[in-house]
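The values are calculated or read from the model by the stated rules, or taken from the named source; none is laboratory data. Keep in mind the model is a prediction, meaning the values are calculated, not measured. Positions of Cβ are generated from backbone atoms using ideal geometry, with glycine treated the same way; all protein chains shown enter the neighbour counts.
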There are 4 protein chains.
Amino acid sequence: GRPMMKGSAWFNIFQHSFYRNLGKSGLRVSCLGLGDSLFFLYPCSGTWVTFGSQISDEMAENLMTIAYESGVNLFDTAEVYASGRAEITLGNIIKKKGWRRSSFVITTKIYWGGQAETERGLSRKHIIEGLRGSLSRLQLDYVDIVFANRNDVNSPMEEIVRAMTFVINQGMAMYWGTSRWSAMEIMEAYSVARQFNLIPPVCEQAEYHYFQRDKVEVQLPELYHKIGVGAMTWSPLACGLITGKYSDGVPESSRAAMKGYQWLKERVSSEEGRRQLAKIKELHLLADRLGCTAAQLAIAWCLRSEGVSSVLLGVSNTDQLIENLGALQILSQMTPQTITEIDALLGNKPHSKKESRA
Amino acid sequence: GRPMMKGSAWFNIFQHSFYRNLGKSGLRVSCLGLGDSLFFLYPCSGTWVTFGSQISDEMAENLMTIAYESGVNLFDTAEVYASGRAEITLGNIIKKKGWRRSSFVITTKIYWGGQAETERGLSRKHIIEGLRGSLSRLQLDYVDIVFANRNDVNSPMEEIVRAMTFVINQGMAMYWGTSRWSAMEIMEAYSVARQFNLIPPVCEQAEYHYFQRDKVEVQLPELYHKIGVGAMTWSPLACGLITGKYSDGVPESSRAAMKGYQWLKERVSSEEGRRQLAKIKELHLLADRLGCTAAQLAIAWCLRSEGVSSVLLGVSNTDQLIENLGALQILSQMTPQTITEIDALLGNKPHSKKESRA
Amino acid sequence: GRPMMKGSAWFNIFQHSFYRNLGKSGLRVSCLGLGDSLFFLYPCSGTWVTFGSQISDEMAENLMTIAYESGVNLFDTAEVYASGRAEITLGNIIKKKGWRRSSFVITTKIYWGGQAETERGLSRKHIIEGLRGSLSRLQLDYVDIVFANRNDVNSPMEEIVRAMTFVINQGMAMYWGTSRWSAMEIMEAYSVARQFNLIPPVCEQAEYHYFQRDKVEVQLPELYHKIGVGAMTWSPLACGLITGKYSDGVPESSRAAMKGYQWLKERVSSEEGRRQLAKIKELHLLADRLGCTAAQLAIAWCLRSEGVSSVLLGVSNTDQLIENLGALQILSQMTPQTITEIDALLGNKPHSKKESRA
Amino acid sequence: GRPMMKGSAWFNIFQHSFYRNLGKSGLRVSCLGLGDSLFFLYPCSGTWVTFGSQISDEMAENLMTIAYESGVNLFDTAEVYASGRAEITLGNIIKKKGWRRSSFVITTKIYWGGQAETERGLSRKHIIEGLRGSLSRLQLDYVDIVFANRNDVNSPMEEIVRAMTFVINQGMAMYWGTSRWSAMEIMEAYSVARQFNLIPPVCEQAEYHYFQRDKVEVQLPELYHKIGVGAMTWSPLACGLITGKYSDGVPESSRAAMKGYQWLKERVSSEEGRRQLAKIKELHLLADRLGCTAAQLAIAWCLRSEGVSSVLLGVSNTDQLIENLGALQILSQMTPQTITEIDALLGNKPHSKKESRA
C-alpha cells in the first residue's frame, strides 16, 4: 500500500500500516478517514461537524482535498433528517475534483431518512428507498459500504439482512455494515445470513476513545475472530473533551456553550467529568513528553488497537486536520511500555474474554 | 404436567403458573427446582449445598421427597471434579423412591469432569464421555437436559453443537442448554445449529437475584424473543446475603465463617456490601408488610420476571425448603406497584433494549 | 464450433480437435489462442508482446485477422497498471472488424488495476470496478471469462467467489477463472461456491512449457477430474528460450538484450540455463526430423497434454503467428513414441498421482 | 493443563505448552505421543518399532507406563496387513493398566486391512469393517481419532467423508483425520463435508523432520488457518538418520543393516545422504552447546513449529523414551536466534505463501 502524498514533509506515514483491510474483508481503507455523524443523536462523535451546517462548502472541499492527497481514501456520511445536506456537499466535491471512483471509499448510513413514518428504521422499504435517496444526493451509482445506522428492534433481522443483500446484489453498495449494534445483534445478523445464504456484514461503526473502551477492545475483537467483522471507530477525541478545551470551564465561544450542547456542559461539570479532566491533564503531559499534541496521542492510541480498521476524524478546519493526520507520526511510539503507562493512567482497561480452562 | 400434592394446605399454588414451558421448548418444568451447583468454583450459587458433602443422604432424600410431592419436577446436578457424589446421591434417591422416569426432569452440567487434560472443557470427547459418566453415576439412561457448564473458548462452536446434537440423537439427553454463556455465545451456538442443521440450545442457566439483574432481565429476554432460549436461574438469595444472616456481621457458625468463605466475609464488609445490606434491611421491612419472609420475597421477585422459566433453590434443610416453596403464595402480590417499589429501593433496574424509533 | 478458414491450404486442421471444451464447461475454445499477459510482472509469459506497447496497432490488427480467419476464437487480455492500452487496442480492432460478438471468446484478467490502494487485489470493490473498467476500454458489454489474475491472500475466498458470481449475474461475464492459483486455492474456491451456492471457476491459466510441467501435468488434471476446471496455458516457448535465439549468447537486437530483460540474460547464462539450452538443441534436431520448427514442436507438445484446453500464443509478427499455427499440422505426430522420446530427453517428467492400491 | 508426573525430576515440562489443541478442535493432546506406523510402506517413520514385532510386550508396557505417567496422553496405532498385532498389544496393555478411558487418546489408521480385495482402501465397506476390526483388537468401544492412512483415488471423496461421518455418528470414533494426504485432497474432503453437511477432518498425520519440511511448514499452516486442520507429525529423527548412528557408515547390527532396510543403506551412501550427514554433524555440535542430545534437539525443533499439535515418537527402549521426553526441557531454548541458526545450517527453509500485494 502507498499513500499518494505530494511533498508532505510534515508527517511521515508508515506505509505498511497506513492502509488496513476492513475487518477480514478484502477492502483496503486508510487507517484514518473523514467522518460525518448524525449530530442530533450522537453529538459526542464530533465527526458531524465536518460536512454539516457548521462549515462552509469551501472548507469542506479544502479538508477533503488535503485528506485525499495525503492518502486518506475513506469518507463517511449519512442520510439525515433535514435535508441530507452533508451528502449533497460530499457528492458535489467528488464530482468537482474528478477523482477516479475506484480510488476512494464512500460510506453512508441509513436509518433516519425523513419525517414520514415509513422513512425511518430498517424496513426493507426504507433501506432501499433510503439508500436510493443517498445515492441521488451523492450523485453516485453506488456507495462502498452502506451502514444500518442503529438496530431497529421493530424490523425482523431476516428482513434487514435480505434488504442489505438486495441492495448489494443490485449494485447499489459493495458491502454492508452496522453502526452502534450490540455484539449479539451483529452475531444474529451473521446467523441469519448463514441460515438463508445471504451476505453478512463486514464492519461495525462504534464510538471509541479513552473513556469508552469495552466494545472496541473486548466485544469487537471476539466478533472479528469469529466472523471477520471489523471496527471503524468515531469520536477519537470524545467530542473535544480530550483536547482539553474545557479543562478550565466552558468558554462562551466554544461548542459546549452553543445551544444544544447543554449536555456537554453538564458532563464536564459532573464528578465523573472532573475525574476525566484530571486524567486528560496527565495525558497532555505525556503528549508533551512524546513531542506530540494531546489530539495526536489520542488518535494514535486508537490506532494501536489491533481490531481497529480505521478511525474517523471529525475536524472543522485545515489546521485540525493536518494536526490529526500527524498522529501517524507517533504510531511507532505506541510501544507496549507507553500503552501500559496510558492504561495505568486511565485505570479502565477492560478485561479480555480469553480464559484458561483450569 | 400436574403437581402431585397431598393435602398441602400450607400454600396455594396457582397451577396455571406453577409449571412453565422451558423457553419456547415444549418441556414443562416447575417454576421452582432443586439445584446443585459446583461449590468449589461458584460458591455464591448457594445451590450447591443441596446435594453435596454438606448434607446427609437422608436429608437429601427428605428434601427431594417434599419437593417432588409438592409438585417440583426439576432436579439439577453436575459432574464434579472429585467423585461425582452429588450425582450418585441423586441417582440413589430416584431409584429408591421408584418415581416414574417420565414424571420428573433431571438436568446435569458438563465441563469439569476429572483431572486429566482430556476430562475438562467442551471437546466432543469430554461432552460424550462426561455425560456417559454422569448417566452412570445417576443410574439413568438419559438426562432431560445436558448443560455446557461454561463456554470453552478453545473448542470450536461447531464441535460443541455437533457433540450436543450427537448425545441427543443417541438418546443420552432430551435437550441441551448452556450455563454462564454470554448472549453472543448463545447466539453463535444458535447460528451454528441453523447453519449445519443441528439442534440449538433451549435454555441458559444464569445467576439471578436483586444484585445481579442485567443478564436475566435484559439479555436473556432478547434471546428468548429471537431464538426461544429460556432462563433457569440460580442463587436467588445471593448466597444467603439476602436472608440477612450477615446484616450484623458474620457470626462464627454461619457459612461465611467457614473455611473457603473468606470471599463472602470480605464482600459483606466492603463498602458495596454495606450498601447492599442497607437495601436488604428495607426489603425485610417490605417482606414484613407483605406477610412473608425475606427469602420468599426474593424468590417471588425472581419468578415475577417473565423471562424466567424456573428458579433453582439451594436449601440445606426441610424448613428452608418449605419456606422457599412458600414464595409461590405471594406471587400474586408481585403487582406492578410492588415491583416499582422494589426497583426504586434497589436503584439498579437495567435499561431494556426495546427503544422507540424516534 | 467450426473454424472459418478461407482457402488456407498451408495447414491442415483436424477439426475434431481444433476446438475443445474449456474444462468440463460447455464453452468451446480453439486450442490455440492469442494471448496478452502482464509484462512487468511475468515477462516470461512472452504472450504480452502481442497487444502491448511493442507492436503497432496495425500489426495487432493483422495478427488478429489472420488468427480469426484461421479459426482462432480465443483472445486473452488483462487490465494493466498504466493505461489499459492492450484492452483499448483489442476493443478497437473488434469494433472495426465487425465480427459477430457471438463468434469469438474474449477473456480478461483482474488484479492490478491502478495505483490507488483500492485499485488492486481481489476485493469485491476491485473485481467489480476493475471489470467495469476493462469492459469500458474493450467497448464491450461483457467478456466471456474474467480471470482473477493471481490469488489475493488478503481477500476472503467467500468475498472473491461472491464478487465473481455477482459480475456473472450482472451479465458482465459469462464465466470466471483463476490465473496462477495453487491447486488448493482453486479447490477452496470450489468449496466456497458449493457451500454458498455460488458459481465455481471453470478454468485456470497457467504457465506451461518443456521446463515447467508439474502444475499442468499433475495438479490440474486432478482438478479437472474432480471439479471440471480446465487449463489455458501460456508461454509455450518459455519466453523465446525454446526457439533457440539465445543458444549462442544474447544478440544485441533480441528481446533479452532490451532494458528490463536483464533477468532473461542472466537466466540464459546460469548453469541451469546452459543445461536447458543443451536440451533445446536436441529438441531442434528432433523438430528437424519431424519436419517442423522448434516452436511448432514445443506448441504441439503442449497441445498433446490431455488436460490442456487451449494454448495462448505470444507472437509479435505475422510470420511467427503463421508458424505457430502450423503446430497443428504436426499434432498427429505426437505419438506415444515421440512423447516418450521427448520425456527422456527432458528428464523432468513429473510423477502422476494415480497410484495403485497395493 | 497439567501432566500427571510422579517425582520425575529428570525433566521439566512447561505445563502451559505440554498439551495443545489438536488443530482448532477442542481435543487436548500431549505435544509428544507414542507412535506406531506402518512399517512396510513407511519404514522411515521409525515409529513403527514401538508396538510391532520388534519389541516385546513387556517392553511395550514399560514404554506406555512411563509415557502415561509423564503426562503423555496420545497413543497412535494402525490396522496392518498381517495380524494387527500392534493393536492387540496396545489394547491388552490399556486393559491391564486400568487407566480411565477418558484420560487418554487412542488413534488408529485405516487403509490396509487384509489380503482380500475388499479389505483395502477407503471404500465405505472397508472404513466401517476396518474400524470394527481395530476396535475389536483394541478391546475398545471407540477410538478418539480414526485416520484414513492414505488417500484412495479409487474411492469418491463423498463416499469417504460419508463413511467417516457414519462411524463418528455411530460412536465408533470421536473425530477423523487424514494421513499422508495432499493439501488439495484435504481441502476436497472439507469441501465435500461442507457441501453435504458432513463432518470435516480435524488433523493430518505427516512426516516431519530436518530434511522434510515443506508440507508441515508451508501447506499445513495454510490449511490450519483456512479450515482448522492440525498436524500430528511422525519420524522426527528421520529413521535414526539424525541420531548419527550411520554417520560413519552402516554397522552390521543396526537397523539399516537388516533385511528390508536396503533403502536406508542406499540413502546414507548417496550424495544427498552425505550432504545430510554433514549437516547432522553440525547439529550434534549445536546440541552439545545447548546441553542436550541430537535427538532432543531434533524433537524440540519439530515442536517449535506453531502448526504442530503433537510429535509422535518412535522408540524401542525406555532409555530412548526418557531421552526423547527430555526434549521438552530445551523447548525454551528454541529462541528465534537458535531457529535462525538451524535454518542457516540446513539451508532448506521453505518459502511461506504470505505475499505482499504490490
Hits in segment C:74-98 - residues which are assigned to a loop (DSSP other than H, G, I, E, B), at pLDDT 85 or above and either surrounded by fewer than 17 Cβ atoms within 10 Å (Cβ to Cβ) or in contact with a Gly (Cβ under 7 Å, 6 or more places away or on another chain) (or both): C:E79, C:G98
Is there any pair with a first residue in segment D:331-343 that is more than 9 Å from D:R304 (Cβ to Cβ) and a second that is in a helix (DSSP H, G or I) whose Cβ atoms are under 6 Å apart and which are 6 or more apart or on different chains, and what are they? D:Q333/D:L290
Per-region count, segment C:142-200, residues aromatic (F, W, Y) and without any contact (Cβ under 8 Å) to a residue 40 or more places away in the chain: 5
Kindly indicate whether any position in segment C:141-150 is in contact with a helix residue (DSSP H, G or I) (Cβ under 6 Å, 6 or more places away or on another chain), of a type outside the set (V, I, T), under 20 Å from C:K226 (Cβ atoms) and modelled with pLDDT of 95 or more. no
Pick from segment C:159-179 the residues that are hydrophobic (A, V, I, L, M, F, W, C) and away from every other protein chain (no Cβ under 11 Å): which of them is surrounded by the most Cβ atoms within 10 Å (Cβ to Cβ)? C:M164
Taking D:T340 as the residue in question, decide whether it is modelled with pLDDT under 95, over 30 Å from C:E117 (Cα atoms), surrounded by fewer than 19 Cβ atoms within 10 Å (Cβ to Cβ) and β-branched (V, I, T). no
Which ones in segment C:108-150 are outside any helix (DSSP H, G or I) and β-branched (V, I, T)? C:T108, C:I110, C:V143, C:I145, C:V146
Could you tell me how many of the residues in segment B:322-337 are surrounded by 17 or more Cβ atoms within 10 Å (Cβ to Cβ) and modelled with pLDDT under 95? 5
Any residue at all in segment C:151-158 that is within 12 Å of chain A (Cβ to nearest Cβ), surrounded by 22 or more Cβ atoms within 10 Å (Cβ to Cβ), in contact with a His (Cβ under 8 Å, 6 or more places away or on another chain) and outside any helix (DSSP H, G or I)? no
Considering only residues that are within 22 Å of D:R180 (Cα to Cα) and either more than 13 Å from every other protein chain (Cβ to nearest Cβ) or in contact with a Lys or Arg (Cβ under 6 Å, 6 or more places away or on another chain) (or both), which ones fall in segment D:91-109? D:T108, D:K109
Select, from D:K281, D:K349, the only residue that is in contact with a strand residue (DSSP E or B) (Cβ under 9 Å, 6 or more places away or on another chain), surrounded by fewer than 17 Cβ atoms within 10 Å (Cβ to Cβ) and touching a residue at least 12 places away in the same chain (Cβ under 8 Å). D:K281
Based on this model, can you work out whether A:V216 counts as assigned to a helix (DSSP H, G or I), touching an Asp or Glu at 6+ places or on another chain (Cβ under 9 Å) and farther than 23 Å from B:P200 by Cβ? yes
When you look at A:M172, is it within 22 Å of the chain's Cα centre (by Cα) and closer than 26 Å to C:I160 by Cα, yes or no? yes
Can you tell me which residue is nearest to the chain's Cα centre (by Cα) among those in segment B:180-204 that are surrounded by 23 or more Cβ atoms within 10 Å (Cβ to Cβ) and away from chain A (no Cβ under 14 Å)? B:C203
Top-ranked residue in segment C:117-128 [being buried (at least 22 other Cβ atoms within 10 Å of the Cβ) and of a type in the set (A, V, I, L, M, F, W, C); ranked as farthest from the other protein chains (Cβ to nearest Cβ)]: C:I127
Those residues that are among the small types (G, A, S) and crowded, with 17+ Cβ neighbours inside 10 Å, I need them from segment D:104-116; list them, please. D:G113, D:G114
Any idea which of (1) closer than 25 Å to A:W99 by Cβ; (2) away from chain A (no Cβ under 14 Å); (3) not charged (D, E, K, R) is the one C:L131 doesn't satisfy? (2)
Of the residues in segment D:334-353 that are at negative phi and part of a loop (DSSP other than H, G, I, E, B), the one that is nearest to the other protein chains (Cβ to nearest Cβ) is D:K353
Give B:V315, B:V311 a once-over and let me know the one that is touching a residue at least 24 places away in the same chain (Cβ under 8 Å), in contact with a strand residue (DSSP E or B) (Cβ under 9 Å, 6 or more places away or on another chain), in a loop (DSSP other than H, G, I, E, B) and buried (at least 18 other Cβ atoms within 10 Å of the Cβ). B:V315
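Here is a yes/no grid of residues against (1) touching an Asp or Glu at 6+ places or on another chain (Cβ under 9 Å); (2) within 18 Å of C:A231 (Cβ to Cβ); (3) at pLDDT 95 or above:
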site	(1), (2), (3)
C:M4	yes, no, no
C:L32	no, yes, yes
C:P43	no, no, no
C:V49	yes, no, no
C:S53	no, no, no
C:E58	no, no, no
C:V105	yes, yes, yes
